[in-house]
Amino acid sequence: MTERIEALQEIVQRNQVWPRMAAKWGVENPVPPWKTSLDGMCDALDHAACDENIPNFKERRDEEDALSATVYADLPYPENQLVSLAHSLVARGIIDEAELKQRLTAIRERLQA
Amino acid sequence: MTDHDHNHDRTVKPMVDEITDFEVLEIALRELCIEKGVFTAEDHRRMTEFAEQIGPTPAAHLVAKAWLDPEFRTLALAEPMTASKEVGVDWMEPTGFGTPSDFTAFQILADTPTLHNVIVCALCSCYPRPILGNSPEWYRTPNYRRRLVRWPRQVLAEFGLYLPDEISIHVQDSNQKHRFMVMPMQPEATEGWTEDQLVEIITRDCLIGVALPKAGITTNVITDTRPAIHPGAAG
């Protein structure tokens with residue numbers, strides 16, 4: 001589970017964490033705008049947890065704690081929650097790493113178009 | 001027209017005008033999960049709306065009502081789910097579309113002059129979200145969860161809450177089926193206050209049990225996340 005995932009390591013290295021971005025742009029919100037959508041995704045996943053390989057609530061939180069203390073120890077919250085969730089979904093084979101990488105590029109292109 | 005002929009209050013607040021990797025990652029995970037049928041876009045929308053609208057205000061009103069009305073206090077302690085409905089929270093249907101992952105039996109723990117209650121989830125981070133909103137970051141950390149059950153007095157002191165030895169501390173562990181909140185005692189110098197005045201000082205921290213309500217204090221403690229330190233090993 002703690003094996004590094006290249007696509008996520010690149011995100012960690014670029015370090016666009018909310019405290020840094022908020023300071024750069026003079027924004028006061030304590031949490032990033034995607035936080036509630038992440039909360040919604042975690043709740044939706046917990047509902048889906050009866051399916052094979054999808055982590056249940058406790059597994060998801062245990063994996064988040066373990067990853068946040070090791071591979072993603074340098075990230076603040078909630079970035080560590082988001083990246084740990086991505087890591088869990090890739091490590092469990094729910095999302096393929098290549099597919100994730102491709103999707104990250106496509107979404108960035110879409111948002112910057 | 002003068003240079004200052006506009007309303008400063010209406011000035012648009014600054015925003016992050018840059019697309020971050022984390023924003024992109026959140027969208028990517030969501031889209032891929034929806035495409036793979038893990039959950040639907042509708043599931044996600046409803047859960048996100050739930051996460052956006054919850055907060056500690058209903059719990060604060062419940063406690064304020066209990067302070068002002070002894071009958072309501074009795075109801076709150078005996079039938080907490082019925083009392084919750086009076087502040088707009090239906091534990092059986094908190095989202096209005098079926099229950100999210102955290103249902104539960106709900107219980108309110110009343111402080112007394114010799115007993116202080118504080119809640120935790122030692123196993124993960126179960127929290128009474130329908131009535132208290134999303135948990136603060138520190139509540140989710142293994143540091144708080146593991147240390148509070150062992151050294152409650154020391155951990156509460158880290159929040160600035162120093163309790164005398166004659167007050168016992170009851171640490172209530174939550175789990176996936178049982179959720180709790182604390183009903184602190186009404187503080188001095190608040191007699192004659194209205195419900196809305198009282199609600200101002202019944203902060204989230206007071207309802208978790210890491211602070212006590214006090215006239216004039218209306219904000220939560222700001223606590224940095226810190227690594228676990230064994231109190232016995234220090235020094």
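Could you please find all residues in the range A:8-33 being within 13 Å of A:Val71 (Cβ to Cβ) and either of a type in the set (A, V, I, L, M) or within 8 Å of chain B (Cβ to nearest Cβ) (or both)? Across the range A:8-33, the qualifying residues are A:Leu8, A:Ile11, A:Val12. Among the residues of the range B:32-45, are any in contact with a strand residue (DSSP E or B) (Cβ under 6 Å, 6 or more places away or on another chain), outside any loop (DSSP other than H, G, I, E, B) and at pLDDT 95 or above? No.
Here A:Thr36 meets each of (1) surrounded by fewer than 18 Cβ atoms within 10 Å (Cβ to Cβ); (2) among the polar types (S, T, N, Q); (3) under 27 Å from B:Ala41 (Cα atoms) with one exception, condition (1).
Applying the criterion of being modelled with pLDDT of 90 or more and outside any helix (DSSP H, G or I) to the residues of the range A:34-63, the residue that is farthest from the other protein chains (Cβ to nearest Cβ) is A:Pro55.
For the range A:64-91, the tally of residues that are of a type in the set (D, E, K, R) and either crowded, with 22+ Cβ neighbours inside 10 Å or at pLDDT 95 or above (or both) stands at 2.
A single member of B:Asp102, B:Asp111, B:Asp90 is at pLDDT 90 or above and among the charged types (D, E, K, R), and it is B:Asp111.
Name the residues in the range B:121-158 that are free of Cβ contacts under 8 Å to residues at least 60 places away in the same chain and within 14 Å of A:Arg61 (Cβ to Cβ), would you? First the steps, then the outcome.
The first filter runs over the range B:121-158 and keeps only residues free of Cβ contacts under 8 Å to residues at least 60 places away in the same chain, leaving B:121-127, B:135, B:140, B:144-145, B:148-150, B:152-153, B:155-157.
B:Cys121, B:Ala122, B:Leu123, B:Cys124, B:Ser125, B:Cys126, B:Tyr127, B:Ser135, B:Arg140, B:Tyr144, B:Arg145 - these are the residues of the range B:121-158 that are free of Cβ contacts under 8 Å to residues at least 60 places away in the same chain and within 14 Å of A:Arg61 (Cβ to Cβ).
Are any of the residues in the range B:133-154 in a loop (DSSP other than H, G, I, E, B), within 14 Å of another protein chain (Cβ to nearest Cβ), over 16 Å from the mean Cα position of the chain (by Cα) and within 30 Å of B:Gly88 (Cβ to Cβ)? No, the conditions are met nowhere in the range B:133-154. Residue count for the range A:1-23, restricted to those that are more than 19 Å from B:Val16 (Cβ to Cβ) and either in a loop (DSSP other than H, G, I, E, B) or in contact with a Lys or Arg (Cβ under 6 Å, 6 or more places away or on another chain) (or both): 6. For the range A:8-29, the criterion of being surrounded by fewer than 19 Cβ atoms within 10 Å (Cβ to Cβ), without any contact (Cβ under 8 Å) to a residue 12 or more places away in the chain and closer than 23 Å to B:His44 by Cβ is met by at least one residue. Close contacts from the range B:15-28, counting a first residue that is facing chain A (nearest Cβ under 7 Å) and a second that is part of a loop (DSSP other than H, G, I, E, B) and buried (at least 22 other Cβ atoms within 10 Å of the Cβ), with Cβ to Cβ under 7 Å and a gap of 6+ residues or different chains, come to B:Phe22/A:Pro32. Of the candidates A:Ala113, A:Ala44, the single residue that is of a type in the set (Gly, Ala, Ser) and over 16 Å from the mean Cα position of the chain (by Cα) is A:Ala113.
The values are calculated or read from the model by the stated rules, or taken from the named source; none is laboratory data. Remember, predicted model here, so these are calculated numbers, not experimental data. Every residue, glycine as well, gets a Cβ built from its backbone with ideal geometry; the counts of neighbours run over all protein chains shown.
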